[in-house]
DNA sequence: GGGTGATTTCTTGTCGACAATTAAAATGCA
DNA sequence: TGCATTTTAATTGTCGACAAGAAATCACCC
């Protein structure tokens, strides 16, 4: 096991341990550093993070609550699998949430929200220029998360965040295999969405969000249904 | 503290402890037996359930993940408050989820789903006849949960369940104060929704679900905005 | 040699105890 | 008496250890 990076531990504050483990594991799951199905050993993690099993377990319970790890009774927890059979439900849900949150953002946003959203967009453009797919994926999530926040409906925000996280894992598969082709068109679409929100044009925001979602869904579906057979002369 | 019901403990199976505590606390929170804001003492619960603090804590972490308890660092966890300022976001979200899940149920349901839904409807009618508001609230939740299940989108189902649970608490306030008036009209609306789903009429299902949601929202809003001042001759 | 049952090992679920932190009580002072 | 400060008490966060259960290994029998 060479991937157990040594996390140096230096006098953590009381209560910050779980948070640290939680965020660390979460990030490794979402970037596929921990692939779906990988067993998660508690003592292993405890040694790695230099703490007891108790806070590790708490972090795992929280991750399980978000559907990022699956726990079998008396057996090792595993990184949640990606159910390709139910991918269509994901597409369905994220399309709806893109639309709803973007509509609400157009209605409810305040100037400071717009600044935050624009900030993410700038970082996104930079990531595209740097050809950094991991950064692009993470920032794409932050971009839509900021829009959801601007909509100010915590229920929508929570579901959107969950979908965006799941989306990070799926997009990671996508970019890995398409050898990190860089979709500049996304940043153009993002710009359009920002403009629509700023103009408080609800219907336009809805339409652009829907088209943006359709675009992503179409590309991923195309990727998953592509024919990878090699031609063999017989 | 007289509300510490003695939960007799008899040799529980390994791993069933957390589940038991979780379901128990959850039910007490949703029925307002534990009112919003009430502090939750871990040792107290540990004594009450006859187990150590560890499984209690795990149950609390799970409940916190669902937003049913709030945890302050180094301080007692409390039963999650109901934020009346954000009630409109709840109405917004549950209306959308009623519509979406009922639409999907009309599309995707199988015969056995319909049987389950009808079963809940029968139980609901019985609860209305028995004038049992707590049962009505719980079954109303099961009814819509079953519809969401029939729609077969786990993301929608999860959000709907969360909203229905939050709804149980809000409805409980409503029924308590209106001295348990019994809305038979709900059961009629439920019957209409069942028929629309059975007929696989997506648009009708959508419309009925929306009207059903509007109806509930209107009644609750009316309740919360009613004028409770007493006339005082001066 | 293969399959079945016992044994060992390994991992999780739970426990009791201690330390850190906060809230409350008690003390001192103006 | 009222307020600030110290002391005490109470509660959480973390730890190490043990027991129950499952997987893997080994022995045994056909």
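For (1) within 26 Å of residue A:218 (Cα to Cα); (2) within 12 Å of chain B (Cβ to nearest Cβ); (3) modelled with pLDDT of 95 or more, each residue gets a yes or a no:
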| site | (1), (2), (3) |
| --- | --- |
| A:9 | no, no, no |
| A:16 | no, yes, no |
| A:46 | no, no, yes |
| A:61 | no, yes, yes |
| A:72 | no, yes, no |
| A:75 | no, yes, no |
Checklist entry - So residue A:40 clears everything in (1) within 18 Å of residue A:161 (Cα to Cα); (2) touching a strand residue (DSSP E or B) at 6+ places or on another chain (Cβ under 6 Å) except one condition, right? Which one? => result (1)
Checklist outcome for this item: Residue set B:138, B:150; condition away from DNA strand C (no atom under 16 Å from the Cβ), over 30 Å from residue A:56 (Cα atoms) and modelled with pLDDT under 95; output residue B:138
Checklist entry - Just one of A:42, A:58, A:23 is surrounded by fewer than 14 Cβ atoms within 10 Å (Cβ to Cβ) and either in contact with a helix residue (DSSP H, G or I) (Cβ under 6 Å, 6 or more places away or on another chain) or closer than 29 Å to residue A:132 by Cα (or both); which is it? => result A:23
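Every residue, every condition in (1) touching a residue at least 24 places away in the same chain (Cβ under 8 Å); (2) within 14 Å of chain B (Cβ to nearest Cβ); (3) closer than 16 Å to residue A:115 by Cα, yes or no:
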position: A:128; (1), (2), (3): yes, no, no
position: A:137; (1), (2), (3): yes, no, no
position: A:143; (1), (2), (3): yes, no, yes
position: A:146; (1), (2), (3): yes, no, yes
position: A:150; (1), (2), (3): yes, yes, yes
position: A:156; (1), (2), (3): yes, yes, no
position: A:184; (1), (2), (3): yes, no, no
position: A:189; (1), (2), (3): yes, no, no
position: A:192; (1), (2), (3): no, no, yes
Checklist entry - Which pairs do you get when a residue that is on the phi < 0 side of the Ramachandran plot, found in the range A:11-40, comes within reach of a residue that is assigned to a loop (DSSP other than H, G, I, E, B), reach meaning Cβ atoms under 6 angstrom, with the pair 6+ apart or on two chains? => result A:17/A:51; A:28/A:34; A:29/A:68; A:36/A:81; A:36/A:82; A:39/A:76
Next on the checklist: For the range A:67-80, check the following and say yes or no: at least one residue is crowded, with 18+ Cβ neighbours inside 10 Å, closer than 30 Å to residue A:211 by Cβ and in contact with a helix residue (DSSP H, G or I) (Cβ under 7 Å, 6 or more places away or on another chain).
Outcome noted: yes
Checklist outcome for this item: Of the residues in the range A:77-93, those that are at pLDDT 95 or above and at the interface with chain B (Cβ under 8 Å from one of its Cβ atoms) number 4
Checklist outcome for this item: Considering only helices (runs of 4 or more DSSP H) wholly within the range B:115-234, the ones with at least 2 residues that are within 25 Å of residue B:79 (Cα to Cα) and over 14 Å from the mean Cα position of the chain (by Cα) are B:154-177, B:202-224
Next on the checklist: Can you find a residue that is within 12 Å of chain B (Cβ to nearest Cβ) and more than 30 Å from residue A:222 (Cβ to Cβ) anywhere in the range A:109-124?
Outcome noted: no
Item to check | helices (runs of 4 or more DSSP H) contained in the range B:30-108 and holding at least 2 residues within 21 Å of residue A:159 (Cβ to Cβ) and within 14 Å of DNA strand D (Cβ to nearest atom) | outcome: B:53-65
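The values are calculated or read from the model by the stated rules, or taken from the named source; none is laboratory data. Quick caveat: nothing in here was measured; it's all calculated off a predicted structure. Neighbour counts are summed over all protein chains in view; Cβ atoms, including those assigned to glycine, are modelled from backbone coordinates with ideal geometry.
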